[in-house]
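*Asks:* Sharing a structure below in C-alpha cells format, with a few things to ask.
The values are calculated or read from the model by the stated rules, or taken from the named source; none is laboratory data. Here the structure is a predicted model, which is why all the values come from computation and not from measurement. With ideal geometry, Cβ positions are generated from the backbone for all residues, glycine too; neighbour counts draw on all protein chains shown. To get the accessible areas, we keep the full protein, side chains included, count just its heavy atoms, and leave off ligands, DNA and RNA. Shrake-Rupley method; radii C 1.70, N 1.55, O 1.52, S 1.80 Å.
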Amino acid sequence: MNNNEDMKLIWLSHVLTKHTPAYGGGEGMRIEHEKQINCGDSCNTAKLAFSNHLGSHVDAPRHFIESGITTESYEPQDWIFIKPLVINLDIRAAEVVTQKHIESLCSNIDDADLVLLKTGFEVHRESNEYWEKAPGYAPELADFLKQRFKSFRAIGMDTISISSYQHRELGHEAHNAFLRNGFRIFEDLALKDIQVDTVLSKVIALPLRFEHSDGAPCTIIGWVNDNVD
C-alpha cells in the first residue's frame with residue numbers, strides 16, 4: 001500500500017466554461033447570472049444550460065443502446081478504477097487509432113480496468129481544429145481491450161469524442177462496439193499533467209447524476225505515485 005505522502009492528486013477533467021468546445025462546433029455552455037451581490041442581490045446564483053455530452057463527460061450504454069444502462073444506475077464503486085493504464089500515442093490529426101497502435105504498448109501490462117489514451121491533441125482545445133480534425137478510434141479496440149484485460153470496464157481519451165468528425169460513421173461503430181459490451185467511454189479528458197513516467201494508481205470519476213441519463217459531465221481525479229522504484 002502506498003503512503004499518503006508519496007501520493008498527489010491531479011485533475012483529469014476540464015472546467016466547464018462558456019468556451020468549452022462542442023462536438024461538430026455545436027452549441028456550448030450558456031451561463032446566466034440570476035443574482036449578483038454586486039448588483040444589490042443578497043447572494044450570487046447562476047443558471048446553466050449545456051448538453052450532457054459537453055466537456056469532460058462519460059457516455060453510458062444508453063447513449064447508443066436503447067435498453068442500455070443509464071449513468072445514474074451505476075453503483076458508487078463502479079466509478080472507482082484501481083488499475084488505470086495510460087497509453088501515450090503518437091497520432092496525427094484525423095488519424096484513426098487501431099489495435100496496431102496500442103497492442104505493443106499493452107504487452108507488459110497484466111491488467112487494467114480503465115484505459116486512458118493520451119494523444120496530446122488537447123493542446124488544440126481552444127481552436128476549431130480540436131473538433132474538426134481530432135483523431136478517431138477503431139471499433140476493433142473494444143474487443144481487443146476486452147480480451148486483453150479481464151478487468152476492463154472503461155476507456156477514455158483526451159480528444160473531444162471517440163468519434164472523429166472526419167470519420168463519423170466509424171465513430172458510430174466505435175461507440176456501439178464499446179457501449180453494447182457495457183463499457184463506458186470518457187471523452188474530452190484533461191491528460192496533459194500525466195507524464196511518460198507518471199504512475200497513475202487510482203482514478204475516481206464522479207458524474208452529474210440525473211434521471212434517464214445516457215451520459216453526464218464528470219469531475220475526475222487521478223492519484224499519482226511519485227515515488228515508485
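*Asks:* Taking θ = phi - 60°, what integer Hz values does the Karplus form 6.51 cos²θ - 1.76 cosθ + 1.60 yield along segment 173-185, in sequence order, with x for Gly and Pro?
*Replies:* Going residue by residue, I get 5, 5, 4, 4, 4, 7, 6, 6, 8, x, 7, 8, 10 Hz, with x marking Gly and Pro.
*Asks:* Quickly work out the residue 48-to-residue 221 label distance, labels modelled 7 Å from Cα along the C-beta direction, and quote it in nm with one decimal.
*Replies:* Each label point is offset 7 Å from its Cα along the Cβ direction, giving 1.7 nm.
*Asks:* Roughly what percent of Cα-Cα pairs across the chain reach past 29 Å?
*Replies:* Considering the chain, 27 percent of its Cα-Cα pairs are separated by more than 29 Å.
*Asks:* Rounded to the nearest Å, what's the spacing between the alpha carbon centres of segment 99-132 and segment 137-189? Just the number, please.
*Replies:* 11
*Asks:* Starting at the first residue of segment 209-215, write each ³J(HN,Hα) from the Karplus equation 6.51 cos²θ - 1.76 cosθ + 1.60 with θ = phi - 60°, in whole Hz, x for Gly and Pro.
*Replies:* Ordered by residue, 3J(HN,Hα) equals 9, 9, 5, 6, 7, 8, x Hz.
*Asks:* Going by amide H atoms built from the backbone, whose H comes under 5 Å of the H on residue 199, apart from near neighbours?
*Replies:* 225
*Asks:* Another question, if that's okay. Pop the C-beta distance of residue 111 and residue 27 into the FRET formula with R0 = 45 Å and round what comes out to the nearest 0.05.
*Replies:* 0.65
*Asks:* Accessible area of segment 2-97 with a 1.4 Å probe: how many percent of it is carbon plus sulfur?
*Replies:* 49
*Asks:* On full extension of the chain, what length is gained from residue 34 through residue 180, given 0.36 nm per residue of separation minus the C-alpha to C-alpha distance?
*Replies:* Going from the current span to full extension adds 48.4 nm.
*Asks:* Whenever you get a sec, line up 27, 95 from highest to lowest accessible area (probe 1.4 Å, protein heavy atoms).
*Replies:* 27, 95
*Asks:* Can you sort 90, 143 by 1.4 Å-probe accessible area, starting with the largest?
*Replies:* Accessible-area ranking of 90, 143, largest first: 90, 143.
*Asks:* If R₀ is 35 angstrom, what is the calculated FRET efficiency for the pair residue 93 and residue 41, using the beta carbon separation as r and rounding to 0.05?
*Replies:* Here the calculated transfer efficiency is 0.15.
*Asks:* Assuming R0 = 25 Å, can you tell me the calculated FRET efficiency for the pair residue 197 and residue 104, based on Cβ-Cβ distance, to the nearest 0.05?
*Replies:* The pair residue 197/residue 104 has a calculated efficiency of 0.85.
*Asks:* I've got another one for you. Would you calculate a helix-derived [θ] at 222 nm for the chain, using -39,500 (n - 2.57) for each DSSP H run of n ≥ 4 and dividing by the full residue count, to the nearest 500?
*Replies:* Rounded to the nearest 500, the figure is -3000 deg cm²/dmol.
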